[in-house]
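Worksheet: one structure, shown below.
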Amino acid sequence: MKYLSIAVSLLLLSACSMPLLALAQHDSAPDGPPPRAMPGPPPGFGHAPGGPDAPGLPPFLRGIDLSEAQQDKVFAATYAQAPLLREQEKIAFKAHAQLRELAASSAYDDAKASALASTAAQAMATISLLQARLEQQLLAVLTPEQRKQAQQHDSRPGPRHPQRFQ
């Protein structure tokens, strides 16, 4: 009986400590944006063999049957852009983190805060421009009929979900 109560106590203790362990590991993560696996294209884009609804395609291309050559071009365009996007994401994340730090410090400097906000905004603007260029490149890969399908898909009611940067 004594061993059973010890075992139950240990089990309860370990179950209660798991969230704390996860929290401690999360807090000890290095500063910076969450790492993105770089062997492939950015999330939401990529080479998606297997059909028109395969994961990895940008939302406006889902439901469009792409040839293998078109899939290769989509992959090449998104893969080439991944390092550029990643660099801008790191700049934006770092500027936001420094701005939060500055806002919480006793040595707040409005000029420095303004410069950090401008840096973050410029990085986000560059990301938006890169995404617009990529979308244009991907539309150029499509046939006129596929473009019509993409426009119909893109003009459906409801919010348009921007790509998540990671």
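The values are calculated or read from the model by the stated rules, or taken from the named source; none is laboratory data. It should be emphasised that the depicted structure is a prediction, and the values quoted were computed from it without experimental measurement. All Cβ positions, even for glycine, are placed from backbone atoms using ideal geometry, and neighbour counts span all protein chains on display. Side chains included, ligands, DNA and RNA excluded: accessible areas come from the protein's heavy atoms. Shrake-Rupley method; radii C 1.70, N 1.55, O 1.52, S 1.80 Å.
A few points about this structure:
- Test: Ala123 is open to solvent by less than 90 Å² (accessible area, probe 1.4 Å), modelled with pLDDT of 95 or more and under 23 Å from Thr78 (Cβ atoms): yes
- For region 140-152, the candidate set comprises residues that are in a helix (DSSP H, G or I) and open to solvent by less than 40 Å² (accessible area, probe 1.4 Å); within that set, the residue that is nearest to Gln81 (Cα to Cα) is Val141.
- Pair list, Cβ < 7 Å and 6+ apart or interchain, from region 124-136 residues that are in contact (Cβ under 8 Å) with a residue 12 or more places away in the chain to residues that are open to solvent by less than 70 Å² (accessible area, probe 1.4 Å) and not in a helix (DSSP H, G or I): Ile127/Phe165; Gln131/Gln163
- Condition met for Gln70 (crowded, with 17+ Cβ neighbours inside 10 Å, over 21 Å from the mean Cα position of the chain (by Cα) and in a helix (DSSP H, G or I)): yes
- Hey, Ala77 in contact with a helix residue (DSSP H, G or I) (Cβ under 8 Å, 6 or more places away or on another chain), small (Gly, Ala, Ser), at negative phi and surrounded by 11 or more Cβ atoms within 10 Å (Cβ to Cβ) or not: yes
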